[in-house]
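Below is one structure, written out as structure tokens; the observations come after it.
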Amino acid sequence: MSYETILAESSEGIGTLTINRPGALNALNSQVLAELTSAAEAFDADPEVRVIVITGNEKAFAAGADIKEMAEKSYAEVYLADWFAGWDRLTRVRKPIIAAVAGYALGGGCELAMMADFIIAADTAKFGQPEINLGVMPGMGGSQRLTRAIGKAKAMDLCLTGRFIGAEEAERSGLVARVVPADELLAETRKAAAGIAQKSLLATIGVKEAVNAAFETTLSQGLLFERRTFHAAFGTQDQKEGMRAFSEKREAKFTDS
Ligand SMILES: CC(C)=CC(=O)SCCNC(=O)CCNC(=O)[C@H](O)C(C)(C)COP(=O)(O)OP(=O)(O)OC[C@H]1O[C@@H](n2cnc3c(N)ncnc32)[C@H](O)[C@@H]1OP(=O)(O)O
């Protein structure tokens, strides 16, 4: 499958999606939405792919939803088309997704990064929700995911002032999992992805579902979900292999069974 606004390639169990609209700082238009979500779904269905990486270029992960595409839309148009609802497709991908962010991750770009399971940021990364400067507000999850990630005070600060934060503040705030030198971003992200790709896919999907459940359920429901998912692991060959390999002091060879 070939795409115009993204590059999709896979090797060694890692599917990489690179947003490719450099002239517009990777602004997320409808075509990017359609292509990125379709490509992510294709990787999700591809047995050769075990982890997905979403990235941009050194100047921008994505400088937001495409302002020029939206500017003249009416309320009826965006409401009836349920503008941005299509991004929910990405959050239904079951395999782990890592966002590798360098440069600007603003508005929809920051929101896209937060749809990933975790973010690895270059020291050049700049995050923000500047929609307020355009007379609107976040619309791809910023008011919800940012608040859950960094708490009310900081989310209010970013969404109300529109200020940008650097990678270090983003890591301190809990938005970003790790910060790495810009020229090592892709190598470090691939290293993290390769490590995850070695694990049992049954276990990685279990982890993803359980951690995400923490945002959707009460503590007691979440703990029960975690425990039942943990119990289910004992029905897999991968649990036997993982625990035997430990006792036999060797690397486990998981078979996703
Ligand atoms: C509304 C919702 C729900 C979500 C959103 O995401 S709204 C968008 C939020 N993002 C922003 O408001 C950021 C907009 N961009 C900027 O403020 C600046 O581009 C910058 C600070 C990120 C970088 O400034 P710089 O001077 O380095 O680069 P520019 O000359 O401004 O940009 C280069 C080129 O890219 C086009 N561009 C940048 N961002 C967008 C965008 N979000 N949508 C559409 N186009 C964008 C910019 O117009 C310029 O292209 P032209 O030279 O052809 O005008």
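The values are calculated or read from the model by the stated rules, or taken from the named source; none is laboratory data. Note that the structure is predicted; figures quoted are calculated from it, not measured. A quick note on method: Cβ atoms are made from the backbone with ideal geometry, for glycine too, and the neighbour counts reach across all protein chains shown. Accessible surface is based on the protein model in full, side chains and every heavy atom, while ligands, DNA and RNA are left aside. Shrake-Rupley method; radii C 1.70, N 1.55, O 1.52, S 1.80 Å.
Just a few scattered comments:
- Residue within the stretch 10-23 that is more than 24 Å from residue 132 (Cβ to Cβ), small (Gly, Ala, Ser) and in a helix (DSSP H, G or I) present: yes
- Qualifying residue in the stretch 235-243 (condition: part of a loop (DSSP other than H, G, I, E, B) and open to solvent by less than 40 Å² (accessible area, probe 1.4 Å)): yes
- Whichever residue in the stretch 33-59 is within 20 Å of residue 185 (Cβ to Cβ) and over 15 Å from the mean Cα position of the chain (by Cα) and, among such residues, is most open to solvent (accessible area, probe 1.4 Å): 58
- Of 215, 230, all but one fail to be in a helix (DSSP H, G or I), surrounded by fewer than 18 Cβ atoms within 10 Å (Cβ to Cβ) and aromatic (Phe, Trp, Tyr); the exception is 230.
- Whenever a residue of the stretch 60-88 is free of Cβ contacts under 8 Å to residues at least 24 places away in the same chain, its partners that are surrounded by 15 or more Cβ atoms within 10 Å (Cβ to Cβ), lying with C-beta atoms within less than 8 angstrom and at least six residues away or across chains, give the pairs 70/83; 73/83; 77/83; 78/70.
- Filtered by the rule that a residue be more than 16 Å from residue 85 (Cβ to Cβ), touching a strand residue (DSSP E or B) at 6+ places or on another chain (Cβ under 7 Å) and free of Cβ contacts under 8 Å to residues at least 40 places away in the same chain, the stretch 17-45 gives 17, 18, 20, 35, 39.
- Looking across the stretch 66-121 at every residue that is assigned to a helix (DSSP H, G or I) and small (Gly, Ala, Ser), the one that is farthest from the ligand (Cβ to nearest atom) is identified as 76.
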